[in-house]
Amino acid sequence: LFIKNELDKIVDPFLTKKFGITESQFRILTPIFVHGHTTQKSLADFWNVSEAAINRQVGVMIKKGLVLKKINKKDLRKTEIHLTPKVKKMIHTIYPQMDIFLEEKLKELSQKDREKIVFSFAKIIKVLGINYPSHFVINKK
(Lines give C-alpha, C1' and ligand atoms only; values in the text may rest on other atoms or scores of the structure.)
Protein backbone atom coordinates (compact mmCIF):
# COMPACT_ATOMS: atom_id res chain seq x y z
CA LEU A 1 0.00 0.00 0.00
CA PHE A 2 2.87 2.34 0.81
CA ILE A 3 4.47 1.78 -2.60
CA LYS A 4 1.14 2.37 -4.37
CA ASN A 5 0.59 5.63 -2.47
CA GLU A 6 4.10 6.83 -3.28
CA LEU A 7 3.66 5.94 -6.97
CA ASP A 8 0.34 7.82 -6.98
CA LYS A 9 2.16 10.91 -5.68
CA ILE A 10 4.56 10.71 -8.62
CA VAL A 11 2.02 9.80 -11.31
CA ASP A 12 -0.73 12.27 -10.31
CA PRO A 13 1.22 15.46 -11.16
CA PHE A 14 2.38 13.89 -14.44
CA LEU A 15 -1.18 13.06 -15.52
CA THR A 16 -2.54 16.41 -14.33
CA LYS A 17 0.12 18.45 -16.12
CA LYS A 18 0.22 16.44 -19.36
CA PHE A 19 -3.41 15.36 -19.75
CA GLY A 20 -5.53 17.36 -17.32
CA ILE A 21 -6.71 14.30 -15.40
CA THR A 22 -5.92 13.01 -11.95
CA GLU A 23 -4.54 9.59 -11.08
CA SER A 24 -7.96 8.72 -9.56
CA GLN A 25 -9.69 9.64 -12.80
CA PHE A 26 -7.17 7.60 -14.77
CA ARG A 27 -7.96 4.59 -12.56
CA ILE A 28 -11.63 4.97 -13.48
CA LEU A 29 -10.93 5.47 -17.19
CA THR A 30 -8.73 2.39 -17.52
CA PRO A 31 -11.34 -0.36 -16.90
CA ILE A 32 -13.84 1.53 -19.07
CA PHE A 33 -11.25 1.62 -21.84
CA VAL A 34 -10.50 -2.09 -21.47
CA HIS A 35 -14.14 -3.21 -21.41
CA GLY A 36 -15.73 -0.54 -23.64
CA HIS A 37 -18.13 0.49 -20.88
CA THR A 38 -18.90 -0.41 -17.29
CA THR A 39 -21.18 0.44 -14.37
CA GLN A 40 -20.44 2.47 -11.28
CA LYS A 41 -21.02 -0.64 -9.16
CA SER A 42 -18.44 -2.60 -11.19
CA LEU A 43 -15.92 0.22 -10.78
CA ALA A 44 -16.58 0.39 -7.04
CA ASP A 45 -16.16 -3.38 -6.71
CA PHE A 46 -13.01 -3.43 -8.86
CA TRP A 47 -11.27 -0.64 -6.92
CA ASN A 48 -12.77 -1.62 -3.54
CA VAL A 49 -14.28 1.81 -2.87
CA SER A 50 -17.82 2.96 -2.19
CA GLU A 51 -20.28 3.54 -5.00
CA ALA A 52 -20.75 7.05 -3.58
CA ALA A 53 -17.04 7.79 -4.12
CA ILE A 54 -17.24 6.52 -7.70
CA ASN A 55 -20.45 8.50 -8.26
CA ARG A 56 -18.78 11.74 -7.12
CA GLN A 57 -15.75 11.17 -9.33
CA VAL A 58 -17.89 10.17 -12.33
CA GLY A 59 -19.92 13.37 -11.86
CA VAL A 60 -16.73 15.43 -12.04
CA MET A 61 -15.57 13.45 -15.06
CA ILE A 62 -18.87 14.03 -16.89
CA LYS A 63 -18.51 17.78 -16.33
CA LYS A 64 -14.93 17.61 -17.69
CA GLY A 65 -16.12 15.75 -20.78
CA LEU A 66 -14.21 12.56 -19.97
CA VAL A 67 -17.12 10.11 -19.69
CA LEU A 68 -20.79 9.77 -20.60
CA LYS A 69 -23.63 7.95 -18.89
CA LYS A 70 -25.89 5.92 -21.16
CA ILE A 71 -28.99 3.89 -20.35
CA ASN A 72 -28.53 0.15 -20.94
CA LYS A 73 -30.79 -0.73 -23.89
CA LYS A 74 -31.51 -4.22 -22.55
CA ASP A 75 -32.29 -3.08 -19.00
CA LEU A 76 -33.50 0.51 -18.77
CA ARG A 77 -32.89 0.52 -15.00
CA LYS A 78 -29.14 0.22 -15.53
CA THR A 79 -26.74 2.99 -16.50
CA GLU A 80 -23.43 2.38 -18.25
CA ILE A 81 -20.39 4.62 -18.22
CA HIS A 82 -18.63 5.17 -21.55
CA LEU A 83 -15.56 7.14 -22.59
CA THR A 84 -16.01 10.22 -24.73
CA PRO A 85 -14.36 10.15 -28.18
CA LYS A 86 -11.83 12.72 -26.91
CA VAL A 87 -10.72 10.40 -24.11
CA LYS A 88 -10.58 7.32 -26.34
CA LYS A 89 -7.93 9.13 -28.40
CA MET A 90 -6.17 10.47 -25.31
CA ILE A 91 -5.86 7.01 -23.70
CA HIS A 92 -3.79 5.79 -26.65
CA THR A 93 -1.39 8.65 -25.95
CA ILE A 94 -1.33 8.25 -22.17
CA TYR A 95 -0.06 4.65 -22.04
CA PRO A 96 3.09 5.15 -24.14
CA GLN A 97 3.89 8.44 -22.40
CA MET A 98 3.30 6.85 -18.99
CA ASP A 99 5.73 4.07 -19.95
CA ILE A 100 8.37 6.65 -20.91
CA PHE A 101 7.74 8.63 -17.72
CA LEU A 102 8.04 5.55 -15.50
CA GLU A 103 11.08 4.27 -17.39
CA GLU A 104 12.77 7.60 -16.63
CA LYS A 105 11.83 7.34 -12.95
CA LEU A 106 13.06 3.74 -12.74
CA LYS A 107 16.20 4.14 -14.87
CA GLU A 108 18.45 3.35 -11.91
CA LEU A 109 17.05 -0.19 -11.85
CA SER A 110 18.49 -2.67 -14.30
CA GLN A 111 16.18 -4.30 -16.83
CA LYS A 112 16.62 -7.57 -14.93
CA ASP A 113 15.56 -5.93 -11.64
CA ARG A 114 12.50 -4.39 -13.32
CA GLU A 115 11.53 -7.78 -14.74
CA LYS A 116 11.87 -9.33 -11.26
CA ILE A 117 9.64 -6.63 -9.79
CA VAL A 118 6.99 -7.09 -12.49
CA PHE A 119 7.16 -10.87 -12.04
CA SER A 120 6.79 -10.48 -8.26
CA PHE A 121 3.81 -8.12 -8.61
CA ALA A 122 2.19 -10.49 -11.10
CA LYS A 123 2.67 -13.34 -8.63
CA ILE A 124 1.16 -11.32 -5.78
CA ILE A 125 -1.81 -10.36 -7.97
CA LYS A 126 -2.36 -14.01 -8.89
CA VAL A 127 -2.09 -15.21 -5.29
CA LEU A 128 -4.55 -12.53 -4.15
CA GLY A 129 -6.92 -13.47 -6.96
CA ILE A 130 -7.04 -9.97 -8.40
CA ASN A 131 -8.43 -9.87 -11.94
CA TYR A 132 -6.25 -7.18 -13.53
CA PRO A 133 -6.52 -6.46 -17.26
CA SER A 134 -3.55 -7.86 -19.17
CA HIS A 135 -2.36 -4.42 -20.34
CA PHE A 136 -1.22 -3.64 -16.78
CA VAL A 137 1.78 -5.87 -17.38
CA ILE A 138 4.80 -3.88 -18.49
CA ASN A 139 6.08 -4.80 -21.94
CA LYS A 140 9.57 -6.22 -22.08
CA LYS A 141 11.95 -4.34 -24.36
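The values are calculated or read from the model by the stated rules, or taken from the named source; none is laboratory data. These figures come from a predicted structure and were not determined experimentally. Methodologically, a virtual Cβ is constructed for each residue, glycine included, from the backbone with ideal geometry; neighbour enumeration extends over all protein chains shown. For the accessible areas, the whole protein counts, side chains as well, though only heavy atoms, and no ligand, DNA or RNA atoms are used. Shrake-Rupley method; radii C 1.70, N 1.55, O 1.52, S 1.80 Å.
The share of alpha-carbon pairs in the chain lying farther apart than 28 Å comes to 22%.
Can you tell me how region 1-65 classifies by the Cα gyration tensor, rounded, prolate or oblate, using a/c under 1.5 as the rounded cut? Oblate shape, in that a/c is at least 1.5 and b/c is the bigger or equal ratio. Peptides 38-50, 111-123 ordered by packing proxy, namely the average of other Cβ atoms within 10 Å per residue, highest first: 38-50, 111-123. Compute the long axis of helix 85-105 from its Cα atoms, compare it with the longest principal axis of the Cα atoms of the chain, and write down the angle in degrees, 0 to 90, nearest 10. Between helix and principal axis, roughly 20 degrees. Here's the picture: a label point sits 7 Å out from the Cα of K74 along the beta-carbon direction, and within region 14-45 the residues with their amide nitrogen under 19 Å of it are 32-43.
A 1.4 Å probe run over the protein chains yields, for the chain, 71 Å² of accessible area per residue, whole-number rounding.
For region 1-103, the carbon plus sulfur part of the accessible surface works out to 60%, probe radius 1.4 Å.
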